[in-house]
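Colleague: I'd like to ask you about the structure that follows.
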């Protein structure tokens, strides 16, 4: 169901904005341990807001990031960094790093509120309205599991318009 929804979003934007070559906004898919949908909206030439809706551990999360983009020597490549926050909820049985005293048969819901950072690089295709990015998004959790999660690397493919 989730993959069908992503495919419908991409097909919709391909047909509605097939002539758009500028990169002011983008929407696409994000693949990694936190897979989902990503949208990026530029506020100026080098600042953007990115939103990520992701799934992991039978749950979902939403993340908002403020990013600063910088040009590289090649006109199609840019690198970026930024920060933001996220809220995630998932269900599971016995998650020892959250609740080490719970039994293995206890089924409960967990919530995490975190501060997130991001650093990455993206390539904007010249001939087609897509970009490809790879980034690392570590999180420091304030609520739920207090600690640092460093497994937020992902590859994203976005339709640009």
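Colleague: Could you grab me the full set of residues in segment 127-150 that are closer than 18 Å to residue 40 by Cα and either part of a strand (DSSP E or B) or without any contact (Cβ under 8 Å) to a residue 60 or more places away in the chain (or both)?
Modeller: Answer for segment 127-150, where residues must be closer than 18 Å to residue 40 by Cα and either part of a strand (DSSP E or B) or without any contact (Cβ under 8 Å) to a residue 60 or more places away in the chain (or both): 128, 130, 131, 132, 133, 134, 135, 136.
Colleague: Turning to a different aspect of this structure: When residues of segment 126-146 are filtered for being surrounded by fewer than 18 Cβ atoms within 10 Å (Cβ to Cβ) and either on the phi > 0 side of the Ramachandran plot or in contact with a helix residue (DSSP H, G or I) (Cβ under 9 Å, 6 or more places away or on another chain) (or both), how many remain?
Modeller: Number of matching residues: 1.
Read-outs: derived from the displayed coordinates by stated rules, not from any lab. If you're wondering where the values come from, they're calculated on a predicted model, not measured in any experiment. Glycine gets a Cβ as well: all are built from the backbone with ideal geometry, and neighbour counts include every protein chain shown.
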